[in-house]
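Inspection log for the structure reproduced underneath, given as structure tokens.
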Amino acid sequence: MEFFTLDNQLRRIAIFDMYESLVWTERFRLAGDFQLEIASDRNSRSAIVPGTFCTVDNTDRVCQIDTVVDTLNSDGTRVLKVSGRGVEAVVLGDRVATPGLVSLTATPKWDITGLPAAIARKVFTDICITKINNASDGVPFYTAGTIFTAGTIAEPSEEITISLDIDSVYNVLVKLCDLYKMGFRLVRNADASQLYFDVYTGDDHTTLQSVRPAVVFSPELDNLSDTSELTSVALQKTVAYVMSKNGSAIAYGIGWDAASAVGFNRRVMYVNADDIDLVAGAPLTAALIQRGKEKLAENQVVIAFDGEVPQFGSYSYGPNGDYDLGDLVEVRSSDGLATNMRVDEQIRTSDASGEKSYPTLVSELLITPGSWLSWDTLGYWNDALGDWADV
Amino acid sequence: MLTKVEVVTLQGTTLSLPLDDTSAGFVVQDITGLDPVKSTIVRSKFAQIDGTKRQSSSREDRNIVLTVGFAPDYATTDIRALRNYLYQYLMPKSAVLLKFYMDGVLFVQVQAEVESCEAPLFAKDPQVAISLIAFDPDFSAPNSVVVEDNTVSTTTERSVPYAGSSPVGFKFRLLANRALTTFTIYNRTASGVIYSLEYVGDLVSGDVLEIDTLNGAKGAWLTHASAISSVLYGVSPVSTWVNFFPGTNHIRVAAAGAAVPYTVEYLAKYGGL
């Protein structure tokens, strides 16, 4: 892996291929980051300074160096320990998502109705492109459009109304994307001094489709090692009691309803929504249920998978590789159990022990109410409500 | 055949250690660490699959150990004097340049630092064991080779025999005598593999573009109107940093239009003697 520093036009200006270690992380729903350890000499100290943008080979992501520690160890080794965050966190973290600069006498909110992806794009566009708050809130080198082909995974199609507190654009995007299984990125178009913003959902690379080549990770296929699979229901909640000044509501998690969230399946959490000050009525109920769903989404069953993919394995990562961030891939355990998982993070490391690539996969089984998957596994046909429709 | 070893200090003084001549009072008894340095191969092991999968490989630094005995004439020198003489050149922490002569001709050299210089005073056969660490596992030729040629708009190649045993990068220098927007450096190795490096950027007559493909020194710099600036962004990100490989290399610098002169300069590297 080659480490590049960029000039003020976001073009590669210096290359570093002799370092002690480099860990470069790219994420689907969050900004990436990196840690670099390199010999401290005049060349590295002059080029690697806080505020400088940087990148590595085979990526379109950009980070900014924010911390440089020049250490002199007792054995005489002098090392620069460098770290930084993705440009998404740097730029969008410093833009405020608010529909206008107003006083705080009334709790300012930004109420937006639309599809989740459209809301994410609107927040970015209004603040950073239209610049509704300040003409200087734009993103340098932003270029309209995209350099990516559209993903094959459809964006969430359920229209929502969201009431945003004042927060950074980055935090708003993270919250929205986390909730609705989307990702966002601010990517560099090679050395063309262009940054593109993108809200995306990735490609389906499972064997359940035939549009994209399937990507199957399995120890049996010799392309996955050092695996660890985490499944936890410790924090799972299925029901939320949401209370505000003027009313309350009960919200159910995705796949649960009043009939199924009973007995041991009823895991209730309390949500304080005293910041929602709508008067009693349908809008208040909708807002409370939406808030409850948001909180329930943060308390789901956790299924995560870690594995190590050999650098020269059967699949390559990256925009031009076999799979990329946000893509759905298939993971098969040694006993044949298959799980569709989303590439949530990709960690690339390079040090004395070699160059490796580690994907972090998360379960992405989206259960839509009314679908077969939403049925209680302990249910009986005779207890099912409704009639068969003619097909 | 190895005939002489020279140790050159930072101050420019030279200690000569001929292998077949003891008149100076020194007998080179043994030299280890001249063969190829062992590589460390990193690989992944799978729980249920036989064998491993390659991750990467690299060579450590080179550890050369010189064992030097004494042959004093006891008239003008004795063992103590000879030992002190060696200390002037080979004190631990000293940076030195080791030169190795084959059949009387300087063949290769390597920079090293003295790790230890062990010379037991109370020994039946007094000798000094000097351990030196060369940070580069390769020996390098004493002089660089410069190839001069012109860009072509055809498929004509220029053969460059590379005598070294380790792949090595080179310094490419394009002396623009006309406007130029892009060119590609190709190298077809003796085994038929083709490597290419594409440069895209505006060059005008009088510009000097320098591209270095040597590991640790990679980069691209443009000298325009006496000002030097990095133009690394002109090197296509999908290019490979072209190296020379042992055997005959066939290079071609392709650019549309009239010929533009260029030079390629490299220092042959040898993985072992």
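The values are calculated or read from the model by the stated rules, or taken from the named source; none is laboratory data. These numbers were taken from a predicted model, which means no experiment stands behind them. Ideal geometry is used to build each Cβ from the backbone, glycine not excepted, and the neighbour counts take in all protein chains shown.
Figures for the structure shown
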item	result
Among residues of the stretch A:92-113, those that are among the polar types (S, T, N, Q), crowded, with 17+ Cβ neighbours inside 10 Å and at pLDDT below 85, counted	0
Of residues in the stretch A:9-55 being of a type in the set (Val, Ile, Thr), touching a Lys or Arg at 6+ places or on another chain (Cβ under 9 Å) and within 13 Å of another protein chain (Cβ to nearest Cβ), the one farthest from B:TYR199 (Cα to Cα)	A:ILE38
Yes/no for B:GLY25 being surrounded by 13 or more Cβ atoms within 10 Å (Cβ to Cβ) and out of contact with any Asp or Glu (no Cβ under 6 Å at 6 or more places or on another chain)	yes
Residue ID - farthest from the other protein chains (Cβ to nearest Cβ), chosen from residues in the stretch B:1-58 that are among the polar types (S, T, N, Q) and in contact with a Gly (Cβ under 6 Å, 6 or more places away or on another chain)	B:THR3
Residue within the stretch A:45-60 that is among the basic types (Lys, Arg) and either part of a strand (DSSP E or B) or touching a residue at least 60 places away in the same chain (Cβ under 8 Å) (or both) present	no
A:GLY145 vs. criteria under 27 Å from A:GLU345 (Cα atoms) and among the small types (Gly, Ala, Ser)	yes
Check on B:ILE64, in contact (Cβ under 8 Å) with a residue 12 or more places away in the chain, more than 14 Å from chain A (Cβ to nearest Cβ) and within 30 Å of B:SER165 (Cβ to Cβ)	yes
Selection within the stretch A:163-197 - more than 12 Å from the chain's Cα centre (by Cα), surrounded by fewer than 22 Cβ atoms within 10 Å (Cβ to Cβ) and away from chain B (no Cβ under 14 Å)	A:SER163, A:LEU164, A:ASP165, A:ILE166, A:ASP167, A:SER168, A:LEU195, A:TYR196
Of the criteria (1) over 30 Å from B:VAL96 (Cα atoms); (2) within 14 Å of chain A (Cβ to nearest Cβ), which one B:THR151 fails	(2)
Filtered residue count, the stretch B:1-44, keeping only those that are under 15 Å from B:LEU86 (Cβ atoms) and not in a strand (DSSP E or B)	4
Filtered residues of the stretch B:228-242 (kept if at the interface with chain A (Cβ under 9 Å from one of its Cβ atoms) and either of a type in the set (A, V, I, L, M, F, W, C) or within 24 Å of the chain's Cα centre (by Cα) (or both))	B:VAL231, B:LEU232, B:VAL235, B:VAL238, B:TRP241
Contacts under 6 angstrom Cβ, first residue in the stretch A:337-357 being within 14 Å of chain B (Cβ to nearest Cβ), partner crowded, with 21+ Cβ neighbours inside 10 Å and among the hydroxyl-bearing types (Ser, Thr, Tyr), 6 or more apart	A:ARG348/A:SER357; A:SER357/A:TYR317
Some residue of the stretch B:125-133 being hydroxyl-bearing (Ser, Thr, Tyr), loosely packed, with under 14 Cβ neighbours inside 10 Å, farther than 21 Å from B:PRO246 by Cα and touching a residue at least 24 places away in the same chain (Cβ under 8 Å)	no
